[in-house]
Amino acid sequence: SAVISQKPSRDICQRGTSLTIQCQVDSQVTMMFWYRQQPGQSLTLIATANQGSEATYESGFVIDKFPISRPNLTFSTLTVSNMSPEDSSIYLCSVGLVAGADTQYFGPGTRLTVL
Amino acid sequence: QKEVEQNSGPLSVPEGAIASLNCTYSDRGSQSFFWYRQYSGKSPELIMFIYSNGDKEDGRFTAQLNKASQYVSLLIRDSQPSDSATYLCAVSTGNQFYFGTGTSLTVIP
């Protein structure tokens with residue numbers, strides 16, 4: 001597996017502001033993903049972060065709201081823009097180590113509360 | 001119909017018993033199957049994966065896959081209080097990765 005870190009681990013933000021979450025991996029990985037987990041719910045895939053190109057978003061998620069960067073094979077950021085209380089959630093970064101292999105490993109998550 | 005279905009529980013078992021967690025999936029083309037454990041307030045941790053029909057054992061954990069019935073299960077032998085967590089079933093079709101809603105397991109000392 002890989003060691004995955006996320007920053008910040010938690011934050012409390014005001015409505016209308018934006019927060020950028022960082023995901024750092026200790027080794028180069030092929031695939032990086034961003035998920036959201038709302039309280040008591042399962043995981044919802046927001047997007048696949050593609051190195052060197054635009055992220056691939058799932059239905060219901062748009063780039064203007066959740067811009068994603070992936071400048072290299074070890075790092076990605078997710079920004080939650082123009083936040084509302086409905087964005088309060090845990091945001092998780094996950095990685096796939098090998099192209100074509102499915103196994104995903106998760107970072108520790110970022111707990112976001114929007115007031 | 002959801003792609004992956006799990007009984008949300010809660011499932012309670014006494015310490016030392018076998019806990020049985022079940023998962024069904026809808027896409028017959030699914031190729032890979034995973035079990036994650038998630039402690040409260042923590043992120044999911046991969047504990048097992050299985051690709052082929054039959055059983056796969058790892059320590060106290062056994063994953064069972066039946067593709068004909070579109071069914072995957074996780075058995076935890078000699079359950080310990082530290083096994084108390086939510087267990088997420090995940091299924092990959094090769095193009096998409098789907099998570100179930102999870103089953104909450106409580107092991108009673």
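For B:Phe34, the criteria (1) in contact (Cβ under 8 Å) with a residue 24 or more places away in the chain; (2) more than 9 Å from chain A (Cβ to nearest Cβ); (3) not hydroxyl-bearing (Ser, Thr, Tyr) hold in every case but one, which is (2).
Looking at the structure I just gave you, is B:Phe49 surrounded by 15 or more Cβ atoms within 10 Å (Cβ to Cβ), within 25 Å of A:Val3 (Cα to Cα), within 11 Å of chain A (Cβ to nearest Cβ) and free of Cβ contacts under 8 Å to residues at least 40 places away in the same chain? It is true that B:Phe49 is surrounded by 15 or more Cβ atoms within 10 Å (Cβ to Cβ), within 25 Å of A:Val3 (Cα to Cα), within 11 Å of chain A (Cβ to nearest Cβ) and free of Cβ contacts under 8 Å to residues at least 40 places away in the same chain.
Residue check: is A:Val29 farther than 24 Å from B:Ile47 by Cα and touching a strand residue (DSSP E or B) at 6+ places or on another chain (Cβ under 6 Å)? No; evaluated as a whole, the condition is false for this residue.
Quick check: is even one residue across the range A:33-48 crowded, with 16+ Cβ neighbours inside 10 Å, under 16 Å from A:Thr113 (Cβ atoms) and touching a residue at least 40 places away in the same chain (Cβ under 8 Å)? Checked against the condition, which is being crowded, with 16+ Cβ neighbours inside 10 Å, under 16 Å from A:Thr113 (Cβ atoms) and touching a residue at least 40 places away in the same chain (Cβ under 8 Å), the range A:33-48 yields at least one hit.
State whether one or more residues within the range B:75-87 are among the β-branched types (Val, Ile, Thr) and more than 18 Å from B:Gly9 (Cβ to Cβ). No, the range B:75-87 contains no residue that is among the β-branched types (Val, Ile, Thr) and more than 18 Å from B:Gly9 (Cβ to Cβ). Quick check: is even one residue across the range B:65-83 out of contact with any Asp or Glu (no Cβ under 8 Å at 6 or more places or on another chain), within 14 Å of chain A (Cβ to nearest Cβ) and among the polar types (S, T, N, Q)? No: the range B:65-83 contains no residue that is out of contact with any Asp or Glu (no Cβ under 8 Å at 6 or more places or on another chain), within 14 Å of chain A (Cβ to nearest Cβ) and among the polar types (S, T, N, Q). Cβ-Cβ contacts under 8 Å between residues 6 or more apart (or on different chains), taken from a first residue in the range A:86-115 that is over 15 Å from A:Val25 (Cβ atoms) and at pLDDT 90 or above to a second residue that is of a type in the set (Asp, Glu) and outside any strand (DSSP E or B), are listed as A:Leu112/A:Asp87; A:Val114/A:Glu86; A:Val114/A:Asp87. Only one of the listed residues (B:Thr86, B:Thr62) is over 18 Å from A:Phe33 (Cβ atoms), within 14 Å of another protein chain (Cβ to nearest Cβ) and either not in a strand (DSSP E or B) or not charged (D, E, K, R) (or both). That residue is B:Thr86. B:Asp27 passes every criterion in (1) touching a Lys or Arg at 6+ places or on another chain (Cβ under 6 Å); (2) within 14 Å of chain A (Cβ to nearest Cβ); (3) farther than 22 Å from A:Gln38 by Cα; (4) not aromatic (Phe, Trp, Tyr) apart from (1).
If you go through the range A:58-68 and keep only what is at pLDDT 95 or above and under 13 Å from the mean Cα position of the chain (by Cα), you end up with A:Phe61, A:Ile63, A:Lys65, A:Phe66, A:Pro67, A:Ile68. Take the conditions of a type outside the set (D, E, K, R) and within 15 Å of the chain's Cα centre (by Cα) and apply them to A:Ser84. Does it pass? Spelling it out, it is not the case that A:Ser84 is of a type outside the set (D, E, K, R) and within 15 Å of the chain's Cα centre (by Cα).
Looking only at residues in the range B:5-47 that are among the hydrophobic types (A, V, I, L, M, F, W, C) and more than 27 Å from B:Asn95 (Cβ to Cβ), the one that is nearest to the chain's Cα centre (by Cα) is B:Ala19.
Among residues of the range B:93-109 being within 14 Å of the chain's Cα centre (by Cα) and within 14 Å of chain A (Cβ to nearest Cβ), the one that is farthest from B:Leu21 (Cα to Cα) is B:Tyr98.
Taken over the range A:50-88, the criterion of being within 13 Å of another protein chain (Cβ to nearest Cβ) and either assigned to a loop (DSSP other than H, G, I, E, B) or buried (at least 20 other Cβ atoms within 10 Å of the Cβ) (or both) is satisfied by A:Glu58, A:Ser59. Would you say A:Ala47 is part of a strand (DSSP E or B), among the small types (Gly, Ala, Ser) and closer than 30 Å to B:Ile50 by Cα? The answer is yes for A:Ala47.
The values are calculated or read from the model by the stated rules, or taken from the named source; none is laboratory data. Since we're looking at a predicted model, the values are computed, not measured. When we count neighbours, we look across all protein chains shown, and the Cβ atoms used for this are built from the backbone with ideal geometry, even at glycine.
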